[in-house]
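Only one structure is covered here, and it is reproduced in the block below.
FYI, it's all coordinate maths here, none of it is from the lab. What you are looking at is a predicted structure, and each value in this text was computed from that prediction instead of being measured. Cβ placement follows ideal geometry from the backbone for every residue including glycine, while neighbour counts extend to all protein chains displayed.
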Amino acid sequence: MLIPSGEGEVIMLEIEKKVIVRFRDRRIVTGGTHNFKSNRETFHVTEIHDEKKIIEIPMSQLKAIFFVKTLQKNEDRLSPEDFSLESFNDVLGRKVKITFSDGEVMYGIIHGYTPHMKGFFIFPADKESNNKRVFVIRESTTAIEMFS
């Protein structure tokens, strides 16, 4: 969002992004972030239940960061078993199957994966998903399978 400063310049304000942060130890933090950058060691989340509580999140402890449409729990989400590669054939991009160290499986589309990076974004295969995109921490995975 661009806001005039009143002095002839324009200030760019970041719009808060809704996130569900999942740690490797299964903790979950839900709220909003203004300062997530994939190359930083930490970022901050304003907790959903207490807007005055800002939590510093260390990237080294994370499994993934889910950038979501809503912070409400989605009981109707499809399980990975409901997907096949054919289920998102019409989507452009490199298809990927991520297996996390806790056994969770996620399918999506990946743009620009580099194995030496700390993490990478995937976009959900499920078009009805609450997830807009997911930043996966590479160290929290056991397998990353790419498909054409």
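Amide H contacts of Leu71 (H built 1.01 Å from N, in plane; Pro and chain starts excluded): no residue 5 or more places away or on another chain comes under 5 Å.
Spin-label pair Asp102-Thr142: with each label point 7 Å from Cα along the Cα-Cβ axis, the two points sit 1.4 nm from one another.
The peptide list 21-34, 55-68, 104-117, put in order of mean Cβ contacts within 10 Å with the highest first, becomes 55-68, 21-34, 104-117. The Cβ shell under 13 Å around Met59 holds other residues with a net charge of +4, Lys and Arg each +1, Asp and Glu each -1. Based on alpha-carbon atoms, the Kirkwood radius and the radius of gyration of segment 16-147 give Rg/Rh equal to 0.95.
Modelled label positions at Arg27 and Leu92, each set 7 Å beyond Cα in the direction of Cβ, lie 4.1 nm from each other.
Across segment 57-62, computed HN-Hα scalar couplings (Karplus, 6.51 cos²θ - 1.76 cosθ + 1.60, θ = phi - 60°) run 10, x, 4, 5, 9, 8 Hz from first to last residue, x flagging Gly and Pro.
The amide H of Ala125, built 1.01 Å from its N in the peptide plane, has Tyr107, Gly108, Ile109 as neighbours under 5 Å, considering only residues 5 or more places off or on other chains. Summarising the amide proton neighbourhood of Arg94: residues at separation of 5 or more, or on other chains, whose placed amide H is nearer than 5 Å comprise Ile110.
Label reach from Thr70 (point 7 Å along Cα→C-beta): in segment 43-57, amide nitrogens under 19 Å belong to 48-49.
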